[in-house]
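Notes to accompany the following structure.
Any read-out appearing in this document is the output of simple, stated calculations on the displayed coordinates, not a laboratory observation. What you see is a predicted model, and the numbers here were worked out from it, not measured in a lab. Glycine gets a Cβ as well: all are built from the backbone with ideal geometry, and neighbour counts include every protein chain shown.
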Amino acid sequence: MIALLPNVSAAQSTGTPIFKAPYRAFTSHEFGVSLSDPGSATSLALEGFYRFARGPHDFSLRGGYADPEGEGDVRILLGGDFRTQVLKNSETFPLDGALTIGVGANYGDGDDLWYIPVGISLGRSFVIQGTNMVLVPYAHPVIVPLIGSADDDVAFALGLGIDFKFSRDFVVRASGGVGDLEGVGISLAYVR
């Protein structure tokens, strides 16, 4: 299971492969649900999240559970993170970028782990002509110090994802990881 193997990375603060685009799809706040397959002996993870804006920054809180394969007990996932835009596309650099920092925990039978992911998300938004729909493909490399009751470690992952805002109120996000993390996830968010 991902939470029991300190050499396996976590993309976000809870150890699931839910990555972030370089900017938010909401003005004030959003809430939603994420379903992911973190791999490494975990069959699925289900999390709820709430994100809110403070000026140019945004913060999020997430919580849920991971269901290990086999006879292991459910793992509790709790975390939070911060995102702020640090790059703006221009004639010399075609992408937008945001710094992401998080902290979170994965608790249950076996080793408890703390995650401290730090990364930069790079991407660009595209408005679908004649509609209000927006696509945001992005790459989100992260370095993740892992602290736990087993040996501490540092892991690396590259998250690849796309956000699809298909209406004024809803966004669908799909992401996956390569490197130390090789899972996939999907999220649905209600935005305001």
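Taking each residue as 0.36 nm, the span from V172 to F31 lengthens on full extension beyond its C-alpha to C-alpha distance by 49.6 nm.
Amide H to amide H, with H built 1.01 Å from N, I18 comes under 5 Å of A11, Q12, counting only residues 5 or more places away or on other chains.
Computed about its Cα centre, the charge dipole of the chain is approximately 1240 debye, with only Lys, Arg, Asp and Glu carrying charge at their Cβ.
Applying the criteria of a DSSP loop state and at most 10 other Cβ atoms within 10 Å to the GluC sites (Glu not before Pro) of the range 62-107 yields E71, E91.
Please build a GNM for the chain, connecting alpha carbons under 10 Å apart, and tell me which residue among P145, P22, P94 fluctuates the most. Comparing P145, P22, P94 in a Gaussian network model of the chain, the most mobile one is P94.
Excluding I76 itself, what net charge comes from residues whose Cβ is under 14 Å from its Cβ, given Lys and Arg +1 and Asp and Glu -1?
Once positives and negatives cancel, what remains is -4.
Taking the centroid of alpha carbons for each part, the range 31-60 and the range 103-151 are 9 Å apart.
Estimated from the Cβ-Cβ distance and a Förster radius of 30 angstrom, the FRET efficiency linking V127 and L61 is about 0.50.
Sum up the charges of everything whose Cβ sits under 12 Å from the Cβ of D153, counting Lys and Arg as +1 and Asp and Glu as -1, but leave D153 out. Could the numbers behind the result be given before it?
Values: positive: none; negative: D111, D151, D152, D180.
Net local charge, D153 excluded: -4.
Residue-wise HN-Hα couplings along the range 26-36, as the Karplus relation 6.51 cos²θ - 1.76 cosθ + 1.60 with θ = phi - 60° gives them from phi, are 10, 9, 10, 6, 8, 9, x, 9, 10, 10, 9 Hz; Gly and Pro carry x.
Scalar couplings 3J(HN,Hα) for the range 143-148, obtained by applying the Karplus form with A = 6.51, B = -1.76, C = 1.60 to θ = phi - 60°, are 10, 10, x, 10, 10, x Hz; x denotes Gly and Pro. Summing +1 for each Lys or Arg and -1 for each Asp or Glu among the other residues whose beta-carbon sits under 13 angstrom from that of L46 gives -1.
Inter-label distance, V154 to I101: 1.6 nm, where each label sits 7 Å from its Cα along the C-beta direction.
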